[in-house]
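Remarks on the structure that follows.
The values are calculated or read from the model by the stated rules, or taken from the named source; none is laboratory data. Model, not experiment: these values are computed from the prediction. In this analysis, Cβ positions are derived from the backbone assuming ideal geometry, glycine residues included, and neighbour counts consider all displayed protein chains. All accessible areas refer to the heavy atoms of the entire protein, side chains included, with ligands and DNA or RNA removed. Shrake-Rupley method; radii C 1.70, N 1.55, O 1.52, S 1.80 Å.
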Amino acid sequence: MSNDPVLEIRNLNVDYGLGDQAVQAVRDVNLTLHKGEVLGLAGESGSGKSTLAYGLTRLLAPPGVISGGEVIYHPEKGEPYDVLALSDANLRKFRWAETAIVFQGAMNSLNPVHKISTQLNDVLQAHEPKMSQHSRNVRCREMLKLVGISADRMEAYPHQLSGGMRQRVMIGMALILQPQVVIMDEPTTALDVVMQRQILGQLIELRERLGFSVIFITHDLSLLVEFSNRIAIMYGGRIVEEAPAATLYRDSLHPYSNGLLGSFPALRGPRRELTGIPGSPPDLKGMPSGCSFHPRCPKAFDPCSEHIPVLGRPATPDGGTRTVACHLYPDVKPVGAPAAASSAASSAGER
Ligand code: SF4
């Protein structure tokens with residue numbers, strides 16, 4: 001893993017709807033994905049994780065609107081550029097070749113009436129039209145082998161494969177153009193835990209071999225602790241804490257992260273009581289004032305319901321490697337510039 005950034009999300013805001021009716025789904029998100037890194041993104045349903053992924057790849061369906069920010073991509077060759085400012089033609093080249101996404105329940109996205117070979121070939125034909133049929137077939141076979149599926153299953157239809165195999169095909173499809181960034185949105189939620197761990201273990205192995213970076217989105221923090229280098233926690237559309245995975249597991253600062261960590265049993269070490277988090281995630285149409293976690297927070301105090309805490313580096317010895325947004329840490333050094341005026345806020349569907 002290197003310290004060079006591959007994707008920088010700066011002050012990203014995403015709304016659903018326009019004007020007074022707009023619901024703020026993602027607010028002032030600043031995140032950097034480094035080359036070769038697995039960055040985990042965790043939070044309860046409705047925290048904005050998937051909206052963030054769709055926003056940064058401009059896959060938001062209306063009424064999703066990117067209302068501000070930048071997503072700076074660093075290609076292997078050439079100058080960095082803002083994904084949010086790409087023309088439709090360049091966006092088409094960017095997707096899949098530079099950044100691929102594996103959706104929730106992706107295994108159900110395979111077309112049931114086409115063979116696996118046809119569907120893998122389609123991707124290559126669309127993005128590398130000059131490639132010969134022979135070379136395409138060779139690449140498809142290699143890709144299936146890489147994700148642990150025998151090449152003789154190329155001629156199978158999706159219904160002839162198990163759920164785990166179909167999900168592997170989708171991961172192979174995402175990697176077939178060797179993108180620098182792969183976004184996995186709850187990639188194994190529909191699978192049993194054994195298959196889940198097998199596939200994720202394989203993905204990490206592939207990442208080590210091929211060198212791509214991963215944004216791994218899940219509500220299951222225990223998976224992230226095991227498989228990611230760094231973890232960012234989202235609540236109410238904002239990043240509330242970010243830290244190296246081991247640091248977050250050992251010593252999380254934000255009361256919401258503590259609640260998430262207290263919601264799953266430790267596999268090793270002494271037994272600990274499962275505490276969970278009381279209450280429900282906030283309704284985005286009527287967000288609580290101040291820190292949106294305050295109605296559920298066991299440590300809430302006076303300023304919490306009045307002021308939104310700023311995300312910044314805490315004054316702790318390891319403060320250079322982590323950030324937190326909580327009034328319990330008033331001396332943080334803020335990260336990210338003040339929210340830039342929207343550069344031509346527009347519907348992602350229109351770009
Ligand atoms: Fe709890 Fe206040 Fe920190 Fe929010 S800002 S997490 S309410 S202590």
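The angle between the Cα long axis of helix 88-97 and the longest principal axis of the Cα atoms of the chain comes to about 80 degrees, rounded to the nearest 10.
Sorted by average packing, counted as other Cβ atoms within 10 angstrom per residue and highest first, what order do 140-149, 111-120, 30-39, 178-187 take?
Working: 140-149: 18.8, 111-120: 15.7, 30-39: 21.1, 178-187: 22.6.
Result, highest mean first: 178-187, 30-39, 140-149, 111-120.
Solvent exposure of the chain amounts to 47 Å² per residue of accessible area, where only protein heavy atoms count and the probe is 1.4 Å. The long axis of helix 116-127 is offset from the longest Cα principal axis of the chain by roughly 80 degrees. Each other residue within a Cβ distance under 12 Å of P334 adds +1 if Lys or Arg and -1 if Asp or Glu, for a net charge of 0.
Among the chymotrypsin sites (Phe, Trp or Tyr not before Pro) within the range 91-121, not one is in coil by DSSP while having at most 16 neighbouring Cβ atoms inside 10 Å. Take every Cα pair under 8 Å whose residues are at least 6 apart in sequence, average their separation, divide by the length of the range 261-323, and the relative contact order is 20 percent.
In terms of the Cα gyration tensor, with a ≥ b ≥ c the square roots of its eigenvalues, is the range 108-176 rounded because a/c is under 1.5, prolate because a/b exceeds b/c, or oblate? Could the numbers behind the result be given before it?
On the way: a/c = 1.77, a/b = 1.50, b/c = 1.18.
Prolate is the answer for the range 108-176, as a/c is 1.5 or above and a/b outweighs b/c.
Carbon-plus-sulfur accessible fraction, the chain (probe radius 1.4 Å, protein heavy atoms only): 52%. Under the combined filter of DSSP loop state and at most 10 neighbouring Cβ atoms within 10 Å, the range 235-296 retains these GluC sites (Glu not before Pro): E273. 3J(HN,Hα) along the range 268-283, derived from phi through the Karplus expression 6.51 cos²θ - 1.76 cosθ + 1.60 where θ = phi - 60°, amounts to 10, x, x, 5, 9, 6, 7, 9, x, 10, x, x, 10, x, x, 7 Hz, with x in place of Gly and Pro.
Close amide H pairs (under 5 Å, H built 1.01 Å from N) link H34 with V6, residues at least 5 positions away or on another chain. Tell me the angle of helix 133-146 to the major Cα principal axis of the chain, expressed in degrees between 0 and 90 and rounded to the nearest ten. Roughly 50 degrees between the two axes.
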